Amino acid sequence: MFLKRIEILGFKSFADRTIIEFNEGISALLGPNGCGKSNIVDAIKWVLGEQSVRNMRAERMDDVIFSGTESRKALNVAEVTLVIANDQGILEIERPEIAIKRRIFREGDSEYFLNGAPVRLKEIKELFFDTGIGKSAYSVMEQGRIDQVLSNKPEERRYIFEEAAGITKYRMRSGEAERKLVKTEENMVQVENILHEVHRNYETLKKQTDKTLEYRKFKESVFSLDRDLKLLQWRDLVESGEKKSDRLKSREDKYQQVVGKINDIKTELASELDSVNEMESRLIESQKQLYGMDLEKENQEEQVKNIRERRNESEETCKSARTREKNAVVSLGSLKKLKKNRETDLAAFKDRIKEIEGNITSLSKTISAAEQRVKGNTDETLKTNNSLSGEEQTREALGDDLRSLTDDIVRELDRGLKDSGYDRSTRRLLEQSILDSLGEMRIRSEGRSKLLSDQKNLTDVNKTPELLSSASVDFLNFSKSLAEVSGLFTEYKDSEADFLEEFLAPEGIITRKRDLDEKITASAEKTRKLKDDLGSLIDEKTALTVQINESRESLEELRVAQARTTTQSAAAEDSLASLAREAESEEARLDEIRQQLAGEEARIRSLDEQVAAILLKREELEKTQEKLRKDMAGLESGISSENEKMTGRESKLKKLTEQRGNLEIEKER
């Protein structure tokens with residue numbers, strides 16, 4: 001049994017579906033800090049049923065869901081699938097491959113699946129009992145886990161040893177059986193309590209049932225007696241009703257006579273009332289007309305007041321319009337002057353832009369020429385570097401030849417010295433003898449030269465022959481010494497090896513060495529010249545680069561100035577267009593003010609005409625009101641007379657009505 005692969009989707013930093021395959025043996029996950037190695041271990045523990053938020057390095061369990069980044073949205077679900085090989089049948093499922101999946105939603109719901117079928121967490125835990133696999137088993141040893149195990153109490157380490165020993169499953173089953181026994185005992189206690197309660201309520205319910213049956217019997221008896229009582233009462237009512245019907249008939253005839261008299265009186269009252277109502281209607285109509293005229297007068301007064309207020313408002317409006325007209329004329333003049341200034345500024349900006357564009361073109365050409373020169377310089381530098389490399393290779397080859405030739409010279413020299421019997425010690429003795437003789441001759445010649453010099457300064461002529469004789473002897477001895485030196489030199493020359501002449505011959509090995517030395521010197525000189533040329537090219541390229549950078553900075557400054565000037569020109573154009581719009585708006589506003597002024601003046605004239613017409617209507621209304629008041633006085637007098645007649649008839653009607661009421665009371669009895 002081994003872990004084959006793990007599939008992760010939406011868990012912590014794994015936003016996309018990630019599949020990690022494992023082979024038999026040791027697999028290692030490598031990567032820098034923060035790349036998600038620990039998240040894979042957390043995913044394994046989580047899918048095996050980890051419920052501790054702290055062990056998941058989170059604050060809430062839904063924090064394990066990918067929370068999104070600046071470029072990706074957050075996910076609403078996270079799931080991890082663990083695929084384990086079961087070829088050996090260690091797990092109690094007859095399948096060669098087992099997939100355990102756990103899924104959590106952001107709402108907090110969590111699901112477990114075993115080979116695609118929903119299961120409980122308990123079933124997942126029971127599946128891995130005594131296998132060493134689990135959220136806290138010894139198969140997952142994360143960072144710091146070993147130190148934690150070593151520092152735990154023996155009781156806490158016991159779980160790991162039991163898991164390794166394979167008794168965890170039985171211990172769990174034992175605990176589960178004990179819990180079931182405890183729960184069964186609790187259920188039995190509850191059943192006993194329920195039975196006790198049922199027995200206690202049985203007697204009470206039996207008594208209540210007996211009382212209920214007795215109540216139903218009494219209720220049926222009461223219903224039967226009440227029915228008989230109602231029948232007797234109904235029979236008495238029927239007999240009493242027949243007697244009262246006879247008395248009611250005699251009172252009904254008398255009642256009809258009184259009602260006839262009342263109706264006659266009401267007919268007369270109605271006739272008189274119609275007359276009164278007609279007069280009152282005319283009076284009310286006249287009052288309405290009078291009231292309407294009063295309202296119309298008030299309305300006319302209000303209209304005159306409103307018209308005069310509107311006229312005053314129009315006059316104020318005209319006054320304000322004249323002021324605004326004056327201000328608009330002044331503002332329009334200012335805008336035209338400002339527009340002219342903006343046009344001048346715009347022309348200056350355009351000239352400046354043309355000048356800057358010319359400078360930019362010139363500077364661009366200069367930069368282009370310098371870049372071409374830099375490119376040529378680069379080509380020359382590359383060519384010089386190639387030549388320098390070739391020359392250095394040539395010099396190295398000549399050096400190799402020189403070293404080889406030197407070795408040949410040393411070998412030939414050793415061989416020639418050996419063949420010629422050359423004795424270096426004898427040659428050194430001859431050299432020392434020659435040098436000693438030459439030194440002695442030099443001393444003697446210096447002494448004799450000094451004597452002759454002294455003789456030149458002497459005034460005694462008698463000593464001259466003596467000095468000359470001594471000088472002659474000395475010269476003779478000098479000649480002998482010179483002969484001895486010549487003999488010694490001949491011996492020294494004879495002691496010299498003959499093969500040296502072959503070395504020094506034009507076609508000899510020394511000549512070849514000198515040719516190589518001259519070639520090496522020439523190559524060194526050429527190399528130095530190439531290096532000097534390369535330095536000159538580099539200096540020239542540096543100077544050109546500095547020039548290009550300075551030109552580019554100047555070009556950038558010119559472009560910035562161009563952009564700034566273009567912006568200023570655009571701003572000036574916008575300002576000019578804005579001023580033009582403002583001028584047009586101001587002219588339109590001036591025309592509108594003048595039209596408004598003309599309209600207000602026409603309105604004032606119209607209001608004056610309306611006031612005159614309203615005053616004329618008011619005089620006509622006052623005449624009509626006077627006539628209506630006279631008609632209303634006559635109607636009020638006629639109404640008063642008719643009311644007096646109606647009062648007498650109403651008194652008689654009241655007495656008859658009282659008589660009819662008494663008869664109605666007797667009828668009801």
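The values are calculated or read from the model by the stated rules, or taken from the named source; none is laboratory data. The structure presented is a predicted model; accordingly, all values stated were derived computationally and were not measured. Backbone-built Cβ (ideal geometry, glycine too); neighbour counts: all protein chains shown.
Going by the structure shown, is Ser606 assigned to a helix (DSSP H, G or I) and more than 30 Å from Glu315 (Cα to Cα)? First the steps, then the outcome.
Working: assigned to a helix (DSSP H, G or I): yes; more than 30 Å from Glu315 (Cα to Cα): no.
Taking the combined requirement at face value, the residue does not satisfy it.
Per-residue answers, yes or no, for (1) modelled with pLDDT under 80; (2) farther than 30 Å from Ser651 by Cβ:
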site: Glu272; (1), (2): yes, no
site: Val276; (1), (2): yes, no
site: Glu325; (1), (2): yes, yes
site: Ser331; (1), (2): no, yes
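Within the stretch 101-117, can you find the residues that are of a type in the set (Phe, Trp, Tyr) and surrounded by fewer than 18 Cβ atoms within 10 Å (Cβ to Cβ)?
Phe105, Phe113
Restricting attention to the stretch 22-30, does a residue exist that is surrounded by 15 or more Cβ atoms within 10 Å (Cβ to Cβ), modelled with pLDDT of 80 or more and out of contact with any Leu (no Cβ under 6 Å at 6 or more places or on another chain)?
No: the stretch 22-30 contains no residue that is surrounded by 15 or more Cβ atoms within 10 Å (Cβ to Cβ), modelled with pLDDT of 80 or more and out of contact with any Leu (no Cβ under 6 Å at 6 or more places or on another chain).
Just a yes or no: is a residue in the stretch 106-123 among the β-branched types (Val, Ile, Thr) and touching a residue at least 12 places away in the same chain (Cβ under 8 Å)?
no
Condition first: among the polar types (S, T, N, Q), loosely packed, with under 11 Cβ neighbours inside 10 Å and outside any strand (DSSP E or B). Can you find one or more residues in the stretch 38-60 that meet it?
Looking through the stretch 38-60, none of the residues is among the polar types (S, T, N, Q), loosely packed, with under 11 Cβ neighbours inside 10 Å and outside any strand (DSSP E or B).
Does Ile639 satisfy the condition of being over 30 Å from Glu343 (Cβ atoms) and modelled with pLDDT of 80 or more?
No: the conditions fail for Ile639.
Looking at (1) without any contact (Cβ under 8 Å) to a residue 24 or more places away in the chain; (2) farther than 30 Å from Met646 by Cβ; (3) of a type in the set (Asp, Glu), can you tell me which one Asp274 breaks?
Unmet condition: (2).
I'm trying to understand the selection: among the residues of the stretch 36-55, which are over 13 Å from Ser110 (Cβ atoms), of a type in the set (D, E, K, R) and touching a residue at least 24 places away in the same chain (Cβ under 8 Å)?
Residues satisfying the conditions are Asp42, Lys45.
Limited to the stretch 512-521, what total is found for residues that are loosely packed, with under 14 Cβ neighbours inside 10 Å and within 21 Å of Ser389 (Cβ to Cβ)?
Adding up the residues that qualify gives 1.
Tell me whether the stretch 287-295 contains one or more residues that are without any contact (Cβ under 8 Å) to a residue 24 or more places away in the chain and hydrophobic (A, V, I, L, M, F, W, C).
Yes, that holds for at least one residue.
For Met646, state whether it is surrounded by 13 or more Cβ atoms within 10 Å (Cβ to Cβ), aliphatic (A, V, I, L, M) and within 30 Å of Val258 (Cα to Cα).
yes
Just checking, which of Asp87, Asp62 is in contact with a Gly (Cβ under 8 Å, 6 or more places away or on another chain) and either closer than 23 Å to Val119 by Cα or of a type in the set (D, E, K, R) (or both)?
Asp62
Hey, can you tell me all the residues within the stretch 536-546 that are modelled with pLDDT under 80 and under 22 Å from Glu392 (Cα atoms)?
Result: Leu537, single match.
With respect to Lys337, is the statement that it is among the basic types (Lys, Arg) and surrounded by 14 or more Cβ atoms within 10 Å (Cβ to Cβ) true?
no
With closer than 30 Å to Thr647 by Cβ, aliphatic (A, V, I, L, M) and either modelled with pLDDT under 75 or part of a helix (DSSP H, G or I) (or both) as the only criterion, which of Val259, Val304, Val238 stands out?
Val259
Listed here are the residues, each with its yes/no results for (1) over 30 Å from Ser362 (Cα atoms); (2) polar (S, T, N, Q).
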{"residue": "Ile548", "(1), (2)": "no, no"}
{"residue": "Leu558", "(1), (2)": "no, no"}
{"residue": "Arg564", "(1), (2)": "no, no"}
{"residue": "Ala588", "(1), (2)": "yes, no"}
{"residue": "Gln610", "(1), (2)": "yes, yes"}
{"residue": "Lys617", "(1), (2)": "yes, no"}
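Which residues, taken from the stretch 300-324, are within 30 Å of Asp631 (Cβ to Cβ) and either surrounded by 14 or more Cβ atoms within 10 Å (Cβ to Cβ) or among the small types (Gly, Ala, Ser) (or both)?
Within the stretch 300-324, Gln300, Gln303, Val304 qualify.
Could we say that Leu576 is at pLDDT below 80 and assigned by TED's automatic domain parsing to the domain that holds Glu296 here?
yes
Report, ordered by the first and then the second residue, all pairs with beta carbons closer than 6 Å, sequence separation of six or more or different chains, a first member in the stretch 332-352 that is assigned to a helix (DSSP H, G or I), and a second member that is among the polar types (S, T, N, Q).
Arg342/Ser575; Phe349/Thr565; Phe349/Gln568; Phe349/Ser569; Arg352/Thr565
Report, by residue number, each residue of the stretch 61-81 that is part of a strand (DSSP E or B) and of a type outside the set (Asp, Glu).
Ile65, Val77, Ala78, Val80, Thr81
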